[in-house]
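Values in this text are rule-based calculations from the coordinates and carry no lab data. Since we're looking at a predicted model, the values are computed, not measured. Cβ coordinates were reconstructed from backbone atoms using ideal geometry, including for glycine residues, and neighbour counts include every protein chain displayed.
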């Protein structure tokens, strides 16, 4: 799809999530590439500030509604590219907060977990204190090479063939939180505790302990967002349970990708065979995992 914005009015729908190019339009406004609304025309702004227009190309090989935080990670990458090409400096911390701002502007909600996961390298735990302005603090965990290798050999991504959008799930969850539903408030505290337990499991190099955290996390997600486990996904997870130390759906649940920590290493083909034997299950795929230890990097093309 090609979208050309020649008038400032063409950016009007930058806050409408399903509008064509909404994410990129929001990047243009959020990054300060252009100001909207403004008495200055789009042409005047671009010529005065940057000496001309900007052309942005983006692509993703992931299906929409994958649960892997694609929009947040893509937003971070595009913001970084726009900052670079307009001669401005940034760091990863500023990108994390810029994406948080962008997603509020885009009205998709969301938080900071996806861009932390995609923009910061290695295995990490991220925290934010209950205060404004919100500050996200990211701690990269120091893990042994043996554990990192073992993690890659035991961790698989399974595409369920079911996609979902998190927006409605998030809205319902936030409403229940604001209503101070006791089970939701208690569960939120347990989510935090489980994240810290997960970090300890990684630091100690314990795959069984990490698997238990994944299982606990999936139970907590189902409390937070009832209905996030489609029947087809439940059948898949039940069939894979004998092979798994732990498993959970990525993102807010409802479909997308399942991540699976297997009892034995290199179980990709075994997982495919199990899923092939489930009647009526189609469009699934199994993927190996490689940990990104570097985080976001920009390359200048010739």
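Which parts of the range 110-139 would a label at residue 149 reach, counting a residue when its backbone N lies under 19 Å from a point 7 Å out along Cα-to-Cβ?
Within reach of a label on residue 149, which here means backbone N under 19 Å from a point 7 Å along Cα→Cβ, the range 110-139 contributes 122-123.
What value, in deg cm²/dmol to 500, does the helix sum -39500 (n - 2.57) over DSSP H runs of n ≥ 4 give at 222 nm once divided by the residues of the chain?
-14000 deg cm²/dmol
With label points built 7 Å along Cα→Cβ from the Cα atoms of residue 285 and residue 44, find their separation and express it in nm.
Output for this residue pair reads 4.8 nm.
Compute the Cα gyration tensor for the chain, then decide on rounded, prolate or oblate, letting a ≥ b ≥ c be the square roots of its eigenvalues: rounded whenever a/c is under 1.5, prolate when a/b is larger than b/c in the other cases, and oblate in all that remain.
Here the chain falls in the prolate category.
Taking Rh as the Kirkwood radius, which is the inverse of the mean 1/r over Cα pairs, what is the Rg/Rh value for the range 8-140?
Checking Rg against Rh, the ratio lands at 0.97.
Give the order of 55, 139 when sorted by the count of other beta carbons within 10 angstrom, beginning with the fewest.
Ranked by crowding around the Cβ, least crowded first: 55, 139.
Determine the gain in length on full extension of the stretch residue 131-residue 235; use 0.36 nm per residue of separation and subtract their C-alpha separation, reporting nm with one decimal.
Fully extending the segment from residue 131 to residue 235 adds 33.3 nm.
Helix 145-154 against the longest principal axis of the chain: what's the angle in degrees, Cα atoms only, rounded to the nearest 10?
80
Would you mind getting me the FRET efficiency between residue 269 and residue 61? Use the beta-carbon distance for r and R0 = 30 Å, nearest 0.05.
According to the calculation, E is roughly 0.85.
Please work out the Cα center distance from the range 225-294 to the range 180-221, rounded to the nearest Å.
If you average the Cα positions of each part, the centres end up 19 Å apart.
Using Cβ counts within 10 Å as a stand-in for footprinting exposure, how do 85, 213 rank, fewest first?
Starting with the residue having the fewest Cβ neighbours, the order is 85, 213.
Give the order of 57, 97, 64, 154 when sorted by the count of other beta carbons within 10 angstrom, beginning with the fewest.
57, 64, 97, 154
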